[in-house]
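Enquirer: Provided herewith is a single structure, encoded as structure tokens, for subsequent inquiry.
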Amino acid sequence: VIQALSDPQKSKCWMRNVSNAYLVDKPTNNTWYSYTLFSLPWPFDNKDMVTMSKILFKENAQGATIEIQSKENVVPQKNNVQRLKNYKATWDITVKGNGLIAISFTAISLSPPEYPRFIQDPIIKRTFSQNLLNLMEMLSRQ
């Protein structure tokens, strides 16, 4: 799970609307910067995001937490692409035993919504849910 979540290129395999993703820099084994380009359907504008991710391992190899935070100025902004800012997310991975792993994902953006929340939120929730199902399917094939 950690390997899949820490490889930006793999996100194209399980995240919807990701047209490009790559590692920008990896200053330490547990910290990396990545770039993600989202090619979104109408009426949304294409967006990109640069993030710094950091893995914090839990005691006794019982899992890990990956903290993600947007970093707007690490990569120059592209024309006709809106930069996602003020974004924070956390993956919590916990080994439950008997081959079971619990995964939770939380995210928040402090930027004002582009469209009214009653339009935007259901689309975002559906996309995140589908992404988690896609991740689970990808992991089960490995």
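Enquirer: Scan 12, 85, 26, 54 and give me the residue that is in a loop (DSSP other than H, G, I, E, B), modelled with pLDDT of 90 or more and among the charged types (D, E, K, R). Reasoning before the result, please.
Expert: Details: 12 fails: in a loop (DSSP other than H, G, I, E, B); 26 fails: in a loop (DSSP other than H, G, I, E, B); 54 fails: in a loop (DSSP other than H, G, I, E, B).
It is 85.
Enquirer: Of the residues 80, 46, 98, which is over 28 Å from residue 126 (Cβ atoms) and either open to solvent by 20 Å² or more (accessible area, probe 1.4 Å) or in contact with a helix residue (DSSP H, G or I) (Cβ under 7 Å, 6 or more places away or on another chain) (or both)? So that I can check it myself, show each step before the final result.
Expert: Numbers: 80 fails: over 28 Å from residue 126 (Cβ atoms); 46 fails: over 28 Å from residue 126 (Cβ atoms).
After applying the criteria, what remains is 98.
Enquirer: Against the condition part of a loop (DSSP other than H, G, I, E, B) and either surrounded by 13 or more Cβ atoms within 10 Å (Cβ to Cβ) or touching a strand residue (DSSP E or B) at 6+ places or on another chain (Cβ under 8 Å) (or both), how does residue 40 come out, does it pass? Show your work before the answer.
Expert: Values: part of a loop (DSSP other than H, G, I, E, B): yes; either surrounded by 13 or more Cβ atoms within 10 Å (Cβ to Cβ) or touching a strand residue (DSSP E or B) at 6+ places or on another chain (Cβ under 8 Å) (or both): yes.
Criteria met by residue 40.
Enquirer: Let me ask something else. Return yes when residue 54 is free of Cβ contacts under 8 Å to residues at least 24 places away in the same chain and surrounded by 13 or more Cβ atoms within 10 Å (Cβ to Cβ) and no when it is not.
Expert: On the way: free of Cβ contacts under 8 Å to residues at least 24 places away in the same chain: no; surrounded by 13 or more Cβ atoms within 10 Å (Cβ to Cβ): yes.
So residue 54 does not fit the description; no.
Enquirer: Among the residues of the stretch 74-104, write down those that are aliphatic (A, V, I, L, M) and touching a residue at least 60 places away in the same chain (Cβ under 8 Å).
Expert: At the first step, the residues of the stretch 74-104 found to be aliphatic (A, V, I, L, M) are 74-75, 81, 84, 89, 93, 95, 100-103.
The answer is 93, 101, 103.
Enquirer: Does residue 73 satisfy the criteria of being assigned to a loop (DSSP other than H, G, I, E, B) and farther than 16 Å from residue 52 by Cβ?
Expert: Numbers: assigned to a loop (DSSP other than H, G, I, E, B): yes; farther than 16 Å from residue 52 by Cβ: no.
So residue 73 fails the test.
The values are calculated or read from the model by the stated rules, or taken from the named source; none is laboratory data. Note that the coordinates shown come from a computational prediction; the quantities given were computed from them, not determined experimentally. Cβ sites come from the backbone with ideal geometry, for glycine too, and all protein chains shown count toward neighbours. Quick note on the areas: whole protein, heavy atoms, side chains included, nothing else; ligands and nucleic acids left out. Shrake-Rupley method; radii C 1.70, N 1.55, O 1.52, S 1.80 Å.
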